[in-house]
Amino acid sequence: MDGEGLSTVVDATDLGGTVPDFSIWGLFVNADLIVQAVVMLLLAASIWSWAIIIDKLRRYRRIDEQADEFENEFWSGRSLDDLYARIKGRADHPMALLFLSAMREWERSLERAGGAGSSPGARLQERIAQVMRVTLNREMQRLESYLGFLATVGSTAPFVGLFGTVWGIMNSFQAIARSSDTSLAVVAPGIAEALFATALGLLAAIPAVIAYNKFAGDMAIYAGRLEGFVDEFTTILSREIDAGKA
């Protein structure tokens, strides 16, 4: 018998005569039903988390670019009425929607004031600011949708994996008790299931936590940018109102 054949026999003997399948598929197929359920749950959470992450990366990059373009056009010196007419009905990002909400309120107020033969009311600026705040809150809620799922996965996935770990170790102890054998062939499958569940828990949790922290920071910066635009625009409209009264 050559050396390779002797090594195989020795390895098989050390493992109790049977070499377990430690491939990922083998671990899943041979796992307990509870461990399989944990694995499937963690895989589903990981896949859904990555779908959210990819979507948010694209979405946030796009709204930043759109905000840059809009601000450049807004501060270019062109008439606000011209800008309003151009983007009316075609706004597809939060900053433009803030502008539209304010201009609509301004337009309605002017129509009412014109019909009554008087200038816009003194509370027009307050109403415009309120409309913009409502729009800002609505758009931020829309942008932050599904971030809560990332936070949930990041905080719970390690514990779900830990549950699978504990269950796999329990299976190992039960296998030892049934067979009265402590060979690696008896203990290894349950331990491998346990480590597999732990690894999947971390695989789901780590990207979710990193992405949530990044997106939460990005949204805080973007919200500040929108709030700054609200303040600047209401100031411009206030000057317009004051000029109209003069």
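For the reader, a short list of remarks on this structure follows.
- What the Cβ-Cβ distance of Ile169 and Ile54 gives, at R0 = 45 Å and to the nearest 0.05, is a FRET efficiency of 0.80.
- Distance between modelled label sites at Ile47 and Arg104, nm, 7 Å Cα→Cβ extension: 3.9
- Sites Leu202 and Asp92 - FRET efficiency at Förster radius 41 Å, r taken between beta-carbons, to 0.05: 0.60
- The packing ranking of peptides 90-102, 60-72, highest mean first, is 90-102, 60-72, where packing means the average number of other beta carbon atoms within 10 angstrom of each residue.
- The phi-based Karplus calculation (6.51 cos²θ - 1.76 cosθ + 1.60; θ = phi - 60°) puts the 3J(HN,Hα) values of region 221-234 at 5, 5, 4, x, 5, 5, 5, x, 5, 4, 5, 5, 6, 5 Hz, whole numbers, x for Gly and Pro.
- Charge dipole of region 32-245 about the Cα centre (unit charges at C-beta), most positive-ward option of Ala204, Val131, Ser155: Val131
- Per-residue packing, averaged as other Cβ atoms within 10 Å, sorts the ranges 136-145, 149-158 into the order 149-158, 136-145, beginning with the highest.
Every number here is computed from the coordinates shown, using simple stated rules; none is lab data. Computed from a predicted model, the values in this text were never measured in an experiment. Here the Cβ is made from the backbone with ideal geometry for all residues, glycine too, and neighbour counts use every protein chain on show.
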